[in-house]
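A short write-up of the structure that comes next.
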Amino acid sequence: MAAWLVGPQDVRIQMKAVGICGSDVHYLKVQAMRVADFIVKEPMVIGHECAGIIEEFGSEVKHLDMKFFATPLVFGSLANQVVHPADLCFKLPGNVSLEEGAMCEPLSVGVHACRRANVGPETNVLVMGAGPIGLVTLLAARAFGAPRIVIANVDDYRLSVAKTLGADEIVKVSTNIQVSL
């Protein structure tokens, strides 16, 4: 095993669950072609929706148990182990699995969107996109009390999942954009 350099305020975490986000895919498709734009000397590691077990503590870190955390993209977590600042780690409740813990970051995006939009019992919601973030936004909007939620997407399967998760209506949109004058 490689020697891990754990700073005084860091922890070494054995990864148990990692998600691949749209921004990870974007990096691999677009940003990887422009490596000169980055001053990163080491290979990019994707995956920033994760959960794991803390195996080593820095000298200034109090004891922590199982943790969830999200990291900046440059320091991804699709690895067996990562070293990460302890103050960006959060303990999972005992009734939350590691897989569920890894999904807290995407869920937080939906919750944040609903808070920013002041979603409540009198707010009808339109969600554009039925990917993972759109679906958790649908769930968050329902939890915030939205009486009517419509979700739009180009893919029939994703729309069927949205309907199963409680969308009041689904709208299939086209990628065929034509301008008529």
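Of all residues in segment 84-105, those being among the charged types (D, E, K, R), surrounded by 13 or more Cβ atoms within 10 Å (Cβ to Cβ) and under 15 Å from the mean Cα position of the chain (by Cα) number 2.
Could you identify the single residue in A113, A143 that is under 16 Å from the mean Cα position of the chain (by Cα) and of a type in the set (A, V, I, L, M, F, W, C)?
Values: A143 fails: under 16 Å from the mean Cα position of the chain (by Cα).
Going through A113, A143 in turn, just one is under 16 Å from the mean Cα position of the chain (by Cα) and of a type in the set (A, V, I, L, M, F, W, C): A113.
How many residues are surrounded by 11 or more Cβ atoms within 10 Å (Cβ to Cβ) and at pLDDT below 80 if we restrict to segment 7-39?
Of all residues in segment 7-39, those surrounded by 11 or more Cβ atoms within 10 Å (Cβ to Cβ) come to 7, 9-28, 31-32, 38.
When the remaining residues are screened for being at pLDDT below 80, the result is 21-28, 31-32, 38.
Number of matching residues: 11.
Pairs are defined by a Cβ separation below 9 Å, a sequence spacing of at least 6 or placement on different chains, a first member in segment 44-55 that is touching a residue at least 60 places away in the same chain (Cβ under 8 Å) and in the same structural domain as V82 (by TED's automatic domain parsing), and a second member that is aliphatic (A, V, I, L, M) and surrounded by fewer than 24 Cβ atoms within 10 Å (Cβ to Cβ); no pair meets this definition.
For segment 161-181, which residues satisfy the criterion of being without any contact (Cβ under 8 Å) to a residue 24 or more places away in the chain and within 11 Å of L135 (Cα to Cα)? Matches in segment 161-181: K163, T164.
Would you pick out the residues in segment 167-179 that are surrounded by 14 or more Cβ atoms within 10 Å (Cβ to Cβ) and either assigned to a loop (DSSP other than H, G, I, E, B) or over 26 Å from the mean Cα position of the chain (by Cα) (or both)? Those that are surrounded by 14 or more Cβ atoms within 10 Å (Cβ to Cβ) and either assigned to a loop (DSSP other than H, G, I, E, B) or over 26 Å from the mean Cα position of the chain (by Cα) (or both): A167, D168. Scanning segment 79-88 for residues that are of a type outside the set (G, A, S) and under 14 Å from E49 (Cβ atoms) returns V82, H84, L88.
Please verify whether R115 is among the basic types (K, R) and buried (at least 18 other Cβ atoms within 10 Å of the Cβ), treating the condition exactly as stated. Reasoning before the result, please.
Working: among the basic types (K, R): yes; buried (at least 18 other Cβ atoms within 10 Å of the Cβ): no.
Answer is no for this residue.
The values are calculated or read from the model by the stated rules, or taken from the named source; none is laboratory data. All of these numbers come straight from a predicted model, not from anything done at the bench. Don't worry about glycine lacking a Cβ; one is built from the backbone with ideal geometry, like all the others, and counts go over all protein chains shown.
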